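Right, one structure below, let's go through it.
The values are calculated or read from the model by the stated rules, or taken from the named source; none is laboratory data. Quick caveat, the model's predicted, so the values are computed rather than measured. Reconstructed Cβ throughout: ideal geometry from the backbone, glycine too, with neighbour counts over all protein chains shown.
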């Protein structure tokens, strides 16, 4: 399989819940964008190569679905944040709408606006 090169891997706004992600096929990332959902957080389990390999080890087939594991802690935090957002973000500091330099709408809280 040839390596997939993604020129611009940032496909979601940093100010909103992600709604798109790159598809992973049986042999790794495909570069195809899936609309309308957020992929669960996951990671790849590395498997060490034998000791007789050269110093420059091959990464072929390293990023495949059989080595993919769910990141349960991150997924649980995401679920709790979603519940918090749907509840109207209780106990969060006062905020205001502002526009970023790219024209995206974002929320700035008192605590985040004081950070340089």
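Couple of notes before you dig in:
- Checked against (1) within 21 Å of the chain's Cα centre (by Cα); (2) modelled with pLDDT under 65; (3) surrounded by 12 or more Cβ atoms within 10 Å (Cβ to Cβ), residue 100 passes all but condition (1).
- Residue list for region 12-34, filter: in a loop (DSSP other than H, G, I, E, B) and touching a strand residue (DSSP E or B) at 6+ places or on another chain (Cβ under 9 Å): 12, 13, 14, 15, 16, 19
- Residue in region 35-47 that is modelled with pLDDT under 80, part of a loop (DSSP other than H, G, I, E, B) and under 18 Å from residue 67 (Cβ atoms) present: yes
- Scanning region 76-93 for residues that are in a loop (DSSP other than H, G, I, E, B) and loosely packed, with under 12 Cβ neighbours inside 10 Å yields 87, 88, 90, 91, 93.
- Cβ-Cβ under 7 Å pairs, at least 6 apart or on other chains, region 20-38 side at positive phi, far side surrounded by 13 or more Cβ atoms within 10 Å (Cβ to Cβ) and in a strand (DSSP E or B): 31/22
- The one condition from (1) modelled with pLDDT of 70 or more; (2) not in a loop (DSSP other than H, G, I, E, B) that residue 106 does not meet is (1).
- Residue match in region 53-70 (condition: farther than 20 Å from residue 4 by Cβ, assigned to a loop (DSSP other than H, G, I, E, B) and either at pLDDT 65 or above or within 23 Å of the chain's Cα centre (by Cα) (or both)): no
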